[in-house]
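Undergrad: The structure that follows is given in the form of structure tokens.
The values are calculated or read from the model by the stated rules, or taken from the named source; none is laboratory data. None of the values given here were measured: they were computed from a predicted structure. Backbone-built Cβ (ideal geometry, glycine too); neighbour counts: all protein chains shown. All accessible areas refer to the heavy atoms of the entire protein, side chains included, with ligands and DNA or RNA removed. Shrake-Rupley method; radii C 1.70, N 1.55, O 1.52, S 1.80 Å.
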Amino acid sequence: MTEAASATRSIPPRVAAFREDYRREHVGPSYSGRAHFAFTSLGALAVIGFALSRVEAGRPWEWLTVPGVFLLGNVVEFLGHRGPMHHRRRGLGLLFRRHTEQHHRFFTHEALACESARDVKMVLFPPVLLLFFLGGIAAPLGALCFTLISPNVGWLFVASAIGYYLTYEWLHFSHHLPPEHPVARLAVMKRLRRHHEAHHDPSKMQRHNFNISFPLADWLFGTTWRPGMSDRKKH
Ligand SMILES: [Zn+2]
Ligand SMILES: [Zn+2]
């Protein structure tokens, strides 16, 4: 993410102008992309570690909570992205504004990479969202599982939900790294990045590739874009 690396990549003038405005208006001098990344990663890992430390002699069926939450998380990611992140919904306008009106204008399929660590602000969720996700979704649903199913399932639910959140954040972060970065050059990351890159094409963003982590729900709902497919095809 050096200036030299970004200078060799051509950024369409409209995207460059949007980036300049966004940085001026929304990225304060005290913002640190590295601190943002560290807070999200360490905060989530601390919760996962604590929740796993509470699991006592987990039985095999209780451990099925982990793949179950990952599959559920994949569908929720798809529906949230295809729904309020791309369509203005009452009470959820902030999601639409931040995603469609800002994230998609800051990054297009022609300019997918961050130019510096400060651009991480436009990739990761705001730090406070981790606390909302934990307090508003993972903890209450985990408590429900704790009470109705078993204490181990409750703790595994919390660990898996926060694990999914972190996986989403890390993968989305990787998609927007410069392509020469060692992580972005891994074969699996190149493949996942191509999926997200096609979604950042304005002609496809309303119809294709809504999974940001693993494209399971896109496959399930038939929304995966493939070369040669008509961009106007409705789903
Ligand atoms: Zn993106
Ligand atoms: Zn999108």
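Undergrad: Within region 21-53, can you find the residues that are among the small types (Gly, Ala, Ser), assigned to a helix (DSSP H, G or I) and open to solvent by 70 Å² or more (accessible area, probe 1.4 Å)?
TA: Result: Ser53, single match.
Undergrad: So, Gly58, is that one open to solvent by less than 70 Å² (accessible area, probe 1.4 Å) and either modelled with pLDDT of 95 or more or under 20 Å from the mean Cα position of the chain (by Cα) (or both) or not?
TA: no
Undergrad: Restricting region 68-121 to residues that are within 17 Å of His208 (Cα to Cα), away from ligand 1 (no atom under 16 Å from the Cβ) and in a helix (DSSP H, G or I), which is least open to solvent (accessible area, probe 1.4 Å)?
TA: Checking each candidate, the answer is Asn74.
Undergrad: Looking at region 213-235 only, could you name the residues that are within 13 Å of ligand 1 (Cβ to nearest atom) and either surrounded by fewer than 20 Cβ atoms within 10 Å (Cβ to Cβ) or modelled with pLDDT under 95 (or both)?
TA: Within region 213-235, none qualify.
Conditions tested, residue by residue: (1) β-branched (Val, Ile, Thr); (2) without any contact (Cβ under 8 Å) to a residue 12 or more places away in the chain.
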{"site": "His103", "(1), (2)": "no, no"}
{"site": "Thr108", "(1), (2)": "yes, no"}
{"site": "Leu130", "(1), (2)": "no, no"}
{"site": "Phe133", "(1), (2)": "no, no"}
{"site": "Leu144", "(1), (2)": "no, yes"}
{"site": "Asn152", "(1), (2)": "no, no"}
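Undergrad: Next question, about the same structure. Name the one entry in Ala17, Ala35, Ala51 that is small (Gly, Ala, Ser) and in contact (Cβ under 8 Å) with a residue 60 or more places away in the chain.
TA: Ala51
Undergrad: Out of all the residues in region 177-201, which are over 22 Å from Leu216 (Cα atoms) and surrounded by 14 or more Cβ atoms within 10 Å (Cβ to Cβ)?
TA: Once the filter is applied, which keeps residues that are over 22 Å from Leu216 (Cα atoms) and surrounded by 14 or more Cβ atoms within 10 Å (Cβ to Cβ), region 177-201 yields Leu177, Pro178, Pro179, His181.
Undergrad: Quick check on my filter: what residues within region 169-204 are among the charged types (D, E, K, R) and in contact with a helix residue (DSSP H, G or I) (Cβ under 7 Å, 6 or more places away or on another chain)?
TA: Glu169, Glu180, Arg193, Lys204
Undergrad: Restricting attention to region 169-176, does a residue exist that is buried (at least 19 other Cβ atoms within 10 Å of the Cβ), part of a loop (DSSP other than H, G, I, E, B) and in contact with a Cys (Cβ under 7 Å, 6 or more places away or on another chain)?
TA: Within region 169-176 (the criterion being buried (at least 19 other Cβ atoms within 10 Å of the Cβ), part of a loop (DSSP other than H, G, I, E, B) and in contact with a Cys (Cβ under 7 Å, 6 or more places away or on another chain)), the answer is yes, since at least one residue qualifies.
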